[in-house]
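Reading through the structure tokens given below for one structure.
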Amino acid sequence: MTDATDSDEDDVLAGEYALGLMESDARAAFETRLARDPVLRGQVRAWQERLASLAAEVDPVAPPPRLKSAIEGRLFGNAPATRPGRWSWTRFLGGALTAIALVVALLLWIGPPAPGPALTAEVAAEDRSLVYAVRFEPAQGRLEVARIDGAPAEGRVHELWLIAEGASAPVSLGVLPGGDRMSLALPETLAAAMAGGTLAVSDEPPGGSPTGQPTGAVLALGTLPAG
């Protein structure tokens with residue numbers, strides 16, 4: 001028979017896990033229990049659902065004007081602030097979910113985090129017609145992407161790009177599949193450049209950009225934390 005005190009303590013631990021508040025050792029031990037305890041998994045899922053309902057109440061927050069200028073400086077150097085065509089990326093800067101909302105999206109769509117610190121970001125269109133949740137695990141060099149909303153236009157694909165901190169040119173991280181999720185292992189040199197990088201999703205022909213640079217409109221933007 002399960003002790004009520006133990007159940008209450010497990011519920012607190014499930015909440016900490018759902019919010020990503022556990023230290024790596026405690027998280028690893030909890031995940032070992034999680035793999036063999038369906039009741040505990042149910043408690044984690046309940047917390048995830050409760051937190052997801054909070055995300056619906058969060059209003060988007062407009063970024064400060066200085067953020068637009070800073071990104072333009074990184075992308076264009078001393079070029080004019082407004083550029084025609086595919087590189088008008090700052091038009092797509094918009095509101096973002098709070099940290100809790102992003103954690104919830106990643107837990108619900110990608111699953112429990114792997115041991116070790118991870119970098120997470122939301123890559124979204126200004127009007128939120130397209131939203132991807134991104135999780136990068138530096139220790140494993142693994143990138144996880146979950147499509148939360150939106151889809152490629154008929155006969156087109158989405159391609160994910162990275163502008164590393166301090167770099168001026170984007171590097172392709174791959175064509176995003178038509179499904180809701182993708183997972184890929186990044187080469188060591190690219191994995192080392194992820195922290196603090198700007199992520200973008202562009203509209204491309206089937207198979208991705210033929211030039212190694214975005215050829216279609218940039219649909220969504222986001223930034224990974226510096227780590």
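Of the residues in the stretch 211-218, at least one is buried (at least 19 other Cβ atoms within 10 Å of the Cβ) and either free of Cβ contacts under 8 Å to residues at least 12 places away in the same chain or hydrophobic (A, V, I, L, M, F, W, C) (or both). Restricting to the stretch 162-183, count the residues that are more than 17 Å from residue 200 (Cβ to Cβ) and in a strand (DSSP E or B). The number of residues fulfilling the criteria is 2.
Against the numbered list (1) within 16 Å of the chain's Cα centre (by Cα); (2) not in a loop (DSSP other than H, G, I, E, B), residue 195 comes up short only at (2). Give the stretch 138-156 a look and list any residue that's surrounded by fewer than 16 Cβ atoms within 10 Å (Cβ to Cβ) and outside any loop (DSSP other than H, G, I, E, B), or say none. Within the stretch 138-156, just 149 meets the criteria. Does residue 159 satisfy being among the acidic types (Asp, Glu), in a loop (DSSP other than H, G, I, E, B) and modelled with pLDDT of 90 or more? Against the criterion (among the acidic types (Asp, Glu), in a loop (DSSP other than H, G, I, E, B) and modelled with pLDDT of 90 or more), residue 159 does not qualify.
Here's the yes/no breakdown for (1) closer than 27 Å to residue 24 by Cα; (2) at pLDDT 90 or above:
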| residue | (1), (2) |
| --- | --- |
| 146 | yes, no |
| 198 | yes, yes |
| 205 | no, yes |
| 208 | no, yes |
| 224 | yes, no |
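Select from the stretch 177-201 the residues that are small (Gly, Ala, Ser), under 18 Å from residue 140 (Cα atoms) and touching a residue at least 12 places away in the same chain (Cβ under 8 Å) and list them in ascending order. Those that are small (Gly, Ala, Ser), under 18 Å from residue 140 (Cα atoms) and touching a residue at least 12 places away in the same chain (Cβ under 8 Å): 183, 185, 191, 193, 195, 196, 197.
Does the stretch 122-137 contain any residue that is surrounded by 20 or more Cβ atoms within 10 Å (Cβ to Cβ), touching a strand residue (DSSP E or B) at 6+ places or on another chain (Cβ under 7 Å) and hydroxyl-bearing (Ser, Thr, Tyr)? For the stretch 122-137, residues surrounded by 20 or more Cβ atoms within 10 Å (Cβ to Cβ), touching a strand residue (DSSP E or B) at 6+ places or on another chain (Cβ under 7 Å) and hydroxyl-bearing (Ser, Thr, Tyr): present. Being over 16 Å from residue 223 (Cβ atoms), in contact with a helix residue (DSSP H, G or I) (Cβ under 8 Å, 6 or more places away or on another chain), surrounded by fewer than 21 Cβ atoms within 10 Å (Cβ to Cβ) and at pLDDT below 90 is a condition met by at least one residue of the stretch 174-182.
The values are calculated or read from the model by the stated rules, or taken from the named source; none is laboratory data. From a predicted model like this one, the values you see are computed outputs, not experimental measurements. Cβ coordinates were reconstructed from backbone atoms using ideal geometry, including for glycine residues, and neighbour counts include every protein chain displayed.
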